[in-house]
1. Which of (1) in contact with a Ser or Thr (Cβ under 9 Å, 6 or more places away or on another chain); (2) modelled with pLDDT under 90 does ARG411 not meet, given it meets every other one?
2. May I ask you to verify whether GLY619 is over 15 Å from LEU532 (Cα atoms) and either basic (Lys, Arg) or out of contact with any strand residue (DSSP E or B) (no Cβ under 6 Å at 6 or more places or on another chain) (or both)?
3. For the stretch 179-216, enumerate the residues that are among the small types (Gly, Ala, Ser) and closer than 20 Å to LEU804 by Cα.
4. Answer yes or no as to whether VAL116 is open to solvent by 60 Å² or more (accessible area, probe 1.4 Å), modelled with pLDDT of 75 or more and assigned to a helix (DSSP H, G or I).
5. Which condition number does TYR630 fail, the rest of (1) hydroxyl-bearing (Ser, Thr, Tyr); (2) at pLDDT below 90; (3) open to solvent by less than 70 Å² (accessible area, probe 1.4 Å) being met?
6. Taking the stretch 575-592 as the region of interest, how many residues are surrounded by fewer than 18 Cβ atoms within 10 Å (Cβ to Cβ), in contact with a Ser or Thr (Cβ under 7 Å, 6 or more places away or on another chain) and of a type in the set (A, V, I, L, M)?
7. Would you call GLU87 open to solvent by 10 Å² or more (accessible area, probe 1.4 Å), within 24 Å of the chain's Cα centre (by Cα) and acidic (Asp, Glu)?
Amino acid sequence: MSSEFALQEPAAAAAHTVADFQIEGMTCASCVARVERAIRAVPGVASANVNLATEKATVAFAKELDPRSVVAAIEKAGYSARSDLVELQIEGMTCASCVVRIEKALAAVPGVSSAVVNLATERAAVSFPAGSVTRARLEQAVRATGYEVVVPVATTRADEGDRRRAAEIVRLRNSFALAAVLTIPLFVLEMGSHYVPAIHTWVMTNIGMANNLYVQFALATVVLFGPGLRFFTKGVPNLLRGAPDMNSLVVLGTSAAWGYSVVSTFLPSVLPPGTGYVYYEAAAVIVTLILLGRYLEARAKGRTSQAIRRLIGLQPKTARVIRDGVAAELQLEQVVVGDRIEVRPGERVPVDGVVVDGESYVDQSMITGEPVPVRKLAGAEVVGGTINRTGAFTFAATKVGADTVLAQIIRMVEAAQGSKLPIQALVDKVTAWFVPAVMAAAALTFAAWFVFGPSPAVTFALVNAVAVLIIACPCAMGLATPTSIMVGTGRAAELGILFRKGEALQTLRSAEVVAFDKTGTLTKGKPELTDLVVRAGYDRNEVLALVASVEAKSEHPVAQAIVSAATEEGLSLANVTAFEADPGFGVVGTVAGRRVLVGADRAMAKAGIDVAEFNETAGRLADEGKSPLYAAVDGELAVIIAVSDPIRDTSPEAIRSLHDLGLRVAMITGDNSRTARAVAKRLGIDEVVAEVLPDGKVDAVKSLRGADRKIAFVGDGINDAPALAEADVGLAVGTGTDIAIESADVVLMSGDLRGVVNAIAVSKATIGNIKQNLFWAFAYNVTLIPVAAGVLYPISGTLLSPVLAAGAMALSSVFVLGNALRLRRFAPPLAHGNSVHAERASIRNLEILEPAS
């Protein structure tokens with residue numbers, strides 16, 4: 001049993017320092033409750049959340065970080081804290097004084113237990129409680145004394161975790177195999193003698209009854225104290241400490257069966273007449289089946305974190321960095337901001353940066369979900385983890401290490417996977433007393449059968465008490481929620497949906513109203529020229545070129561949309577003289593000797609120009625939510641123009657699907673009422689709240705919520721942040737701003753609004769899966785513990801063998817894990833128009849901020 005720890009940066013809004021401790025050796029929900037109580041009792045700890053599936057404790061410190069005290073608490077609770085040993089290759093040492101100097105510097109680093117420096121090998125071996133010191137901090141201490149550290153090939157925490165998990169799986173496999181090899185002949189000797197006459201005859205003829213018992217004793221003892229020793233090393237100390245766990249139940253059950261059999265074998269005279277039976281095979285089969293269950297459970301738990309490993313796998317290990325004009329292959333940890341990095345065809349971009357030379361097409365499907373590679377020229381941004389398809393280019397690193405988009409995505413997913421949902425509260429209350437209650441039930445079962453049971457009463461009492469101890473399974477209850485969260489949030493990330501807070505996974509499924517911001521969320525957020533109708537006698541391209549030439553002098557978004565349209569059509573803009581801007585009315589200027597006026601109807605009226613000819617067109621445009629503009633050339637009306645923010649292509653489908661789910665859809669916007677109503681009519685939106693400021697959006701969310709309705713708000717801009725925070729669940733569109741993303745509970749990484757529907761579907765599927773797991777875990781224990789106690793015996797004569805109880809208990813955890821793994825095959829109700837690769841998460845133009853703890 002061991003623990004390791006990793007420091008997280010606190011969220012902007014958090015007042016506590018948060019640290020993660022990776023704890024090994026927890027086997028059931030009782031372990032979780034015990035570790036949480038121990039850590040919470042440490043002075044300075046504000047909160048502790050232990051997750052069985054991730055084997056991680058997230059601890060918030062109200063004061064300064066104190067990992068040593070937490071590790072001590074873990075050890076006191078019965079879990080030994082694993083020490084890390086780091087070796088540093090040091091350059092520049094020449095004598096013993098160098099050794100002393102470096103040893104003192106390393107020993108002075110807070111958290112270091114010991115530091116030994118070897119001059120001959122030029123290595124320093126530093127030990128410390130797992131995770132309490134970073135390698136970078138040790139290297140900094142060495143460099144501060146004037147020596148250099150050679151940076152080795154680095155391994156990630158995920159690599160280390162995978163290795164430990166793989167080693168544990170191998171140990172369990174070997175233990176199970178040895179136990180099975182020893183148990184099978186034991187089972188044949190005992191049960192075969194009862195049910196197969198030929199085996200009974202062979203045993204009595206060739207071995208004899210006494211020797212048969214001695215052989216069974218030897219085999220069972222090796223199984224219990226060989227492969228089964230793991231249960232004793234964990235279960236007995238916890239039992240003596242008054243904090244029994246799953247291992248304690250196994251120890252009590254198997255020890256009772258084995259101990260009774262030993263007495264029956266070597267001291268049969270102390271037992272009542274007719275009760276001298278042996279249960280060696282029961283003890284051995286119980287250990288073997290539980291080892292099989294643990295082995296299958298370990299393999300299944302490894303698959304629950306595949307999504308994280310896929311994300312980590314997107315990042316290359318090395319980068320070709322140009323320093324002093326020479327390109328060298330460096331470890332990714334050695335890349336710093338400002339480094340120039342070469343990327344060749346087929347390679348992954350190692351870190352985030354800006355192209356400075358060359359051009360290529362880059363596959364950004366892990367960023368935008370778009371399968372079509374994007375052309376990258378000088379000045380274009382690239383993101384670590386994307387794939388360079390053609391050409392070669394050089395870029396300057398702008399973000400490295402934990403600051404890259406990919407690293408922050410991984411942190412988001414890990415934070416959500418490690419969170420504890422409100423639905424877990426009931427489980428925590430039950431598991432706090434579950435194991436002691438099972439032990440009490442076993443004692444009561446033994447007493448009831450011993451007093452009221454048929455002859456031989458002591459045999460019936462023993463068998464049924466052991467069955468109660470063995471069949472109880474707090475493991476299934478402890479795994480029911482976290483495994484589903486791990487798989488569900490991982491699958492969501494693969495679909496481009498980041499749950500920044502685990503609670504949103506549960507709350508989103510209950511949303512009754514989904515409110516959208518209009519600009520940038522339902523619409524593209526960028527005005528475009530949508531309509532241009534010229535009067536008879538005017539050439540469209542000529543008029544557009546004249547209008548765009550004048551508008552090029554303006555910085556208004558509408559003017560920029562007109563200029564962009566002219567440029568895209570290949571029209572040339574002319575020089576403008578005598579340019580004047582009349583705020584609230586329009587602009588005027590001279591182009592190639594022609595006076596051009598562009599503005600609203602009031603600008604035309606002010607100039608004495610009649611626009612009645614376009615009244616019908618203007619009415620139609622207004623009904624479509626577009627604001628008409630006019631242009632006059634040399635005092636004559638020439639054209640009516642409409643610039644609007646086009647609706648996203650995916651918005652209508654997303655809203656239809658939300659209606660199909662029985663949800664009401666609302667729109668909150670700062671636009672005028674006529675424009676807002678026109679957009680709402682086209683999209684089929686149920687409720688509209690228009691002409692609101694940011695503070696008004698918060699009030700609008702409150703009014704839409706009403707007395708008891710759950711509301712989800714979807715937005716992208718800075719003025720959406722308060723509403724995102726106020727809603728029960730805030731969903732930020734990935735193309736939005738940093739502050740909106742920080743205020744949100746869920747991030748739609750590709751900006752596709754169909755992700756809202758898919759996020760709700762993921763939430764429903766995950767919570768449904770959790771409920772299935774909890775139902776199984778509770779129903780299993782509530783139903784089978786009484787059966788194991790023998791409640792059916794007076795009715796039908798049915799008793800549950802401890803061997804069958806062990807098989808049922810071993811498979812119960814595997815069932816829960818297998819059910820959670822079904823979420824990996826979750827298919828979104830609305831597939832994106834592009835391919836969503838299972839091994840990639842997508843995010844677009846994000847500067848993700850650290851998730852709230």
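1. (1)
2. Working: over 15 Å from LEU532 (Cα atoms): no; either basic (Lys, Arg) or out of contact with any strand residue (DSSP E or B) (no Cβ under 6 Å at 6 or more places or on another chain) (or both): yes.
In short, no.
3. Step one: list which residues in the stretch 179-216 are among the small types (Gly, Ala, Ser), which gives 179-180, 192-193, 198, 208, 210.
Passing the criteria: ALA179, ALA180, GLY192, SER193.
4. When the stated conditions are applied, VAL116 does not pass them.
5. Answer for TYR630: the failing condition is (2).
6. Going through the stretch 575-592 one residue at a time, the tally reaches 2.
7. Numbers: open to solvent by 10 Å² or more (accessible area, probe 1.4 Å): yes; within 24 Å of the chain's Cα centre (by Cα): no; acidic (Asp, Glu): yes.
Taking the combined requirement at face value, the residue does not satisfy it.
Each row is one residue, and each column tells you yes or no for (1) touching an Asp or Glu at 6+ places or on another chain (Cβ under 8 Å); (2) at pLDDT 90 or above; (3) closer than 19 Å to LEU830 by Cα; (4) among the polar types (S, T, N, Q).
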site	(1), (2), (3), (4)
MET667	yes, yes, no, no
SER673	yes, no, no, yes
ILE711	yes, yes, no, no
ASP738	yes, no, no, no
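The values are calculated or read from the model by the stated rules, or taken from the named source; none is laboratory data. Bear in mind the structure is a predicted one, so any value in this text is a computation, not a measurement. For neighbour counting, all protein chains shown are included, and Cβ atoms are generated from backbone atoms with ideal geometry for every residue, glycine included. Accessible surface is based on the protein model in full, side chains and every heavy atom, while ligands, DNA and RNA are left aside. Shrake-Rupley method; radii C 1.70, N 1.55, O 1.52, S 1.80 Å.
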